[in-house]
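The values are calculated or read from the model by the stated rules, or taken from the named source; none is laboratory data. Being a predicted model, the structure only gives us computed values, none of them experimental. Backbone-built Cβ (ideal geometry, glycine too); neighbour counts: all protein chains shown.
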Amino acid sequence: MQAVRELYDDFIRTFGNVLFAVLLFIVWGLLTLVGVIIAQGKDPATYFDSYAAPLARLILRLDFNNIYHTPYYVGIIGLILLSLAVCTFKRVIPARLPPLRAVAIDKIPLHASFEAAGDPESVRERIAAFFRSRGWNVRKRELGGVEWTFADKHNWARRGVLVAHAGFVIIAAGTTIYWAKGFSGDEAIVTGQTVSVPHTLTSMKLDGFSYKIKPIVTKSGMVYQPIDYVSRVTAKGSDGVARTATIRVNHPLDVDGVLYYQSSYGFAMRFRVTHDGVRVPALMNRDYLTGDAIDLPGTQRTVAVAQFVPTVDRLNGQPSADPRVNNPAVFLQIFDGGQASGAGLVPMKSSIDVGGGWRLTPERYLLVSGIQYTHDPGVVLVGIGAFVLLAGLMISFYLLPARMFVRIDPAPGGSRIGLAATTVKGYDIFERQFNDLAAALGTKLIGDSRG
């Protein structure tokens, strides 16, 4: 039994230690930072492309590519909640909700004493009535053969820290639900294309896309301000029923609890590719996004689609800042054996000879809609937790719980009153209020005795 008690005491000392809790938060913060820096949920090849091979293997072995679902990440949250619970029930509650007990009046920094006419019992009733009239909660206890009067103001506000802790627990529960069951991602959908959204049973076809640009004249020149992006889609959810809908900025589409947001837009290109004058359908029947490459069969040559240029200035032949499509072109880069061998701005319908009998012609462009999707089943809990946490902090910071200790002893000609006060925020912050209360109480008792 003694061994169990010692083990329990060690557990309380460890998990009730503030420095230990801070250390857990630091570890949690570092692991979360890893999840922010390293893209989550990607194919292993993505990490080998982005990092050196040893670092990529380390990321995969430690599950840093899916860190929010790892046992050690969930475990550190569990340890934080355990430490929070121990601190709350073994440190905060005893400190914030002290039991009613006798004190040495003159040993407390905020204290006063005076005499009043009348026996202790009648004086005690007058003092209780005085505090009740000012909104104080009055309780009486007999301790060590002496009857004490205790008056509390905003005593419920002592639980503000507990409310804030409860808010943090609710937030942690909401985020844990998201890490366990939530997901998010992005999809670039070409007009007319149908995509299957990862993690869901939803397919989405982009029927059309439009955007509005507003030219604004500023002191520094013309600025082209996007004012609206609109995607017209046909979506099929888990029920298999096709529904047409519109997605625009700040107006997401909800399909089976997954929200789809309009996040960006771009352009895809279609090329006519010929080799010695013969069309190559395998390279023509696909849409090329910015950053895609056309690998020419039988060669080490690659043509990269570097950028779509909506408007080329007709006077100087250079790209314009106007994002509206007017005299479009595409900027292509040519690589041979991995080495850059040429680059150029190719207008629509114009062809470029890339060597070896190969020729490319930008035939048409297609609008691409950038859709961001997210499923967060814990967002309601996070919102509730944030409200509870804020309420707890406001209670803790803006309300001042205080306790008055009153001891009344018989004295020649009447009674001697000893008065002291404590708060959860120190003595200085309550000193002026205590002096005003003591003066008002003294005036009240003297006035009653004269009356």
When LEU97 is run through (1) among the hydrophobic types (A, V, I, L, M, F, W, C); (2) surrounded by 14 or more Cβ atoms within 10 Å (Cβ to Cβ); (3) within 17 Å of PRO401 (Cβ to Cβ), the failure sits at (2)
Checklist entry - Mind checking whether some residue in segment 197-215 is modelled with pLDDT under 90, in contact with a Gly (Cβ under 7 Å, 6 or more places away or on another chain), part of a loop (DSSP other than H, G, I, E, B) and over 17 Å from SER263 (Cα atoms)? => result yes
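Could you check how many residues of segment 336-365 are assigned to a loop (DSSP other than H, G, I, E, B) and charged (D, E, K, R)?
Looking only at segment 336-365, we keep the residues that are assigned to a loop (DSSP other than H, G, I, E, B), and these are 337-338, 348-351, 356-357.
In the following step, the residues that additionally are charged (D, E, K, R) were identified as 349.
Here the count works out to 1.
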By my count, helices (runs of 4 or more DSSP H) wholly in segment 1-106 with at least 1 residues that are among the hydrophobic types (A, V, I, L, M, F, W, C) and farther than 30 Å from GLY144 by Cα are 2-15, 18-37, 44-50, 53-61, 71-87
Output for Cβ contacts, cut-off 9 Å, separation at least six or different chains, first residue without any contact (Cβ under 8 Å) to a residue 40 or more places away in the chain in segment 140-153, second surrounded by 11 or more Cβ atoms within 10 Å (Cβ to Cβ) and β-branched (Val, Ile, Thr), reads LYS140/THR149
In segment 335-367, anything in contact with an Asp or Glu (Cβ under 8 Å, 6 or more places away or on another chain), under 20 Å from ASP287 (Cβ atoms) and either exposed (fewer than 13 other Cβ atoms within 10 Å of the Cβ) or touching a residue at least 24 places away in the same chain (Cβ under 8 Å) (or both) is listed as LYS349, ARG359, LEU366
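Say we look at segment 127-158 and pick out the residues that are over 25 Å from SER396 (Cα atoms) and small (Gly, Ala, Ser); which of these is surrounded by the fewest Cβ atoms within 10 Å (Cβ to Cβ)?
Filtering segment 127-158 for residues over 25 Å from SER396 (Cα atoms) gives 127-130, 140-149.
Now restrict to residues that are small (Gly, Ala, Ser): 128-129, 144-145.
Numbers: ALA128: 17, ALA129: 12, GLY144: 7, GLY145: 5.
Per the stated criteria, the residue is GLY145.
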Just one listed residue, out of PHE183, PHE168, is within 30 Å of GLY266 (Cα to Cα), surrounded by fewer than 19 Cβ atoms within 10 Å (Cβ to Cβ) and within 17 Å of the chain's Cα centre (by Cα), and it is PHE183
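Yes or no: GLY383 farther than 30 Å from THR274 by Cβ and assigned to a strand (DSSP E or B)? Give the steps one after another, and end with the answer.
Working: farther than 30 Å from THR274 by Cβ: yes; assigned to a strand (DSSP E or B): no.
So GLY383 does not fit the description; no.
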